[in-house]
Amino acid sequence: MQRHTGGRDMWDVDECQSPRMGSVILGVDGGASNTVCVCIPAAMPFNDPLPVLARTVAGCSNQNSVGEDRARETLERVMSQALLKARRRRSNVCAVCLAVAGVNHPIDQQRMLDWLREIFPSHVKLFVENDAVAALASGTMGKLHGCVLIAGTGTIAYGFTSDGREARAAGAGPVLGDWGSGYGISAQAMTAVVRAYDGRGPETVLTNNILDFLGLASPDELIGWTYEDQSWARIADLLPIVVESAESGDEVANKILHNSVGELASSVNAVVQRLELGGEDGNHSFPLVMVGKVLEANKKWDIGKEVIDCVTKNYPGAYPIHPKVEPAVGAALLAWNAIASELGSDIRNVQ
């Protein structure tokens with residue numbers, strides 16, 4: 001089985017690997033910033049840490065950001081490289097779970113499944129999900145129950161009930177208002193700089209801090225910097241500067257972060273309400289998995305804690321989980337749970 005992308009066969013090395021190695025599972029987490037693939041053994045004990053045979057990283061695989069062809073090339077590259085590092089063939093793969101940003105509709109899922117079927121043998125179980133599903137699974141060890149909040153370059157809230165109902169909020173991208181994301185926070189900060197320069201808004205230390213970080217001399221230059229490359233991740237990289245400015249006491253930066261907390265909490269609340277995860281009284285317990293650089297604690301500003309405080313005012317049964325494994329492992333665990341119940345001992349090849 002040959003696959004050619006850009007005139008180069010990514011899978012040439014496939015024929016060089018030993019066919020007697022044990023079965024493996026590939027888990028892929030594809031977001032707006034990067035794409036991670038992990039390869040784990042199918043006969044996997046639930047130890048701490050979980051056994052990971054290989055891990056590979058590439059660029060963005062969100063087809064809404066880079067286009068379908070480039071996204072697929074990136075996904076294929078990380079999977080082929082993971083198998084190479086793990087010294088496995090495609091024939092050793094028993095399941096693949098792609099959890100990719102931009103997969104928002106059953107049509108998207110089916111197109112991706114059809115593409116995967118061209119790559120892997122017919123015995124391989126294939127799963128395609130939004131990247132938020134893998135993030136949830138990374139906190140619940142592969143079980144789909146509760147709510148996850150992702151706030152990195154982009155943001156989304158996604159939830160599942162124990163009987164399989166699901167709901168989401170936000171995740172529509174920066175144009176449609178993911179304002180609690182790293183991109184949204186940074187874009188508001190740059191807007192504040194321009195407004196201050198024009199005299200339409202208050203003075204802010206964001207001006208000097210952002211210009212110094214970017215090596216620019218004037219807010220005028222910020223316009224050119226922004227439009228020469230409008231990639232979401234590039235703009236989201238300004239997030240630490242906004243947090244630093246807020247921690248120094250800047251009112252404009254603090255207002256941006258406070259508004260972002262409200263946006264993120266409202267996304268979680270919308271999902272919880274629609275799925276009734278908190279029960280009629282809001283006191284039923286459910287996991288709230290927190291993932292992404294926006295939600296990481298800083299010296300003074302802990303956006304994640306502020307969001308949790310907002311959510312638990314309405315849903316005191318929510319208990320936060322900060323995953324010990326990355327979402328790519330969550331994707332692999334989703335596939336592991338599915339095939340473990342379907343195939344049982346058939347996947348327990350000797351490693």
Checking the structure you have, find out if any residue of segment 168-181 is surrounded by fewer than 24 Cβ atoms within 10 Å (Cβ to Cβ), touching a Phe, Trp or Tyr at 6+ places or on another chain (Cβ under 9 Å) and modelled with pLDDT of 90 or more.
yes
Pairs where the first residue, in segment 118-132, is closer than 20 Å to GLY330 by Cβ and basic (Lys, Arg) and the second is open to solvent by less than 50 Å² (accessible area, probe 1.4 Å) and modelled with pLDDT of 90 or more, C-beta under 6 Å, 6+ apart
LYS125/ALA95
Residue check for ALA95: over 26 Å from MET290 (Cα atoms), open to solvent by less than 10 Å² (accessible area, probe 1.4 Å), in contact with a Lys or Arg (Cβ under 8 Å, 6 or more places away or on another chain) and touching a residue at least 40 places away in the same chain (Cβ under 8 Å):
yes
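Could you list all residues from segment 87-114 that are of a type outside the set (Lys, Arg) and more than 17 Å from GLY27 (Cβ to Cβ)?
SER91, GLY102, ASN104, HIS105, PRO106, ILE107, ASP108, GLN110, ASP114
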Suppose we filter ASN259, ASN209 for residues that are assigned to a helix (DSSP H, G or I) and open to solvent by 50 Å² or more (accessible area, probe 1.4 Å); which single one remains?
ASN259
Here the residues within segment 44-53 that are at pLDDT below 90 and surrounded by 15 or more Cβ atoms within 10 Å (Cβ to Cβ) are MET44, LEU50
Those residues of segment 138-161 which are open to solvent by 10 Å² or more (accessible area, probe 1.4 Å), of a type outside the set (Val, Ile, Thr) and under 11 Å from SER267 (Cβ atoms) amount to TYR158
Can we say SER231 is over 25 Å from VAL66 (Cβ atoms), open to solvent by 20 Å² or more (accessible area, probe 1.4 Å) and among the small types (Gly, Ala, Ser)?
no
Conditions first: (1) on the phi > 0 side of the Ramachandran plot; (2) in a helix (DSSP H, G or I). ASP220 passes all but one, so which condition is the exception?
(1)
If we scan segment 91-104, do we find a residue that is out of contact with any strand residue (DSSP E or B) (no Cβ under 8 Å at 6 or more places or on another chain), part of a helix (DSSP H, G or I), modelled with pLDDT under 95 and not hydroxyl-bearing (Ser, Thr, Tyr)?
no
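Considering each of GLY282, GLY292, GLY304 in turn, give the residue that is open to solvent by less than 10 Å² (accessible area, probe 1.4 Å), of a type in the set (Gly, Ala, Ser) and modelled with pLDDT under 95.
GLY282
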Output the qualifying pairs, or none if there are none: Cβ atoms under 7 angstrom, residues six or more apart or on different chains, first residue in segment 219-234 and more than 18 Å from GLY184 (Cβ to Cβ), second residue β-branched (Val, Ile, Thr) and surrounded by 10 or more Cβ atoms within 10 Å (Cβ to Cβ).
PRO219/VAL193; PRO219/VAL194; PRO219/THR207
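The values are calculated or read from the model by the stated rules, or taken from the named source; none is laboratory data. All values reported here derive from a predicted model rather than from experimental measurement. With ideal geometry, Cβ positions are generated from the backbone for all residues, glycine too; neighbour counts draw on all protein chains shown. The protein model used for the area step is the full one, side chains on, heavy atoms only, and it has no ligands, DNA or RNA in it. Shrake-Rupley method; radii C 1.70, N 1.55, O 1.52, S 1.80 Å.
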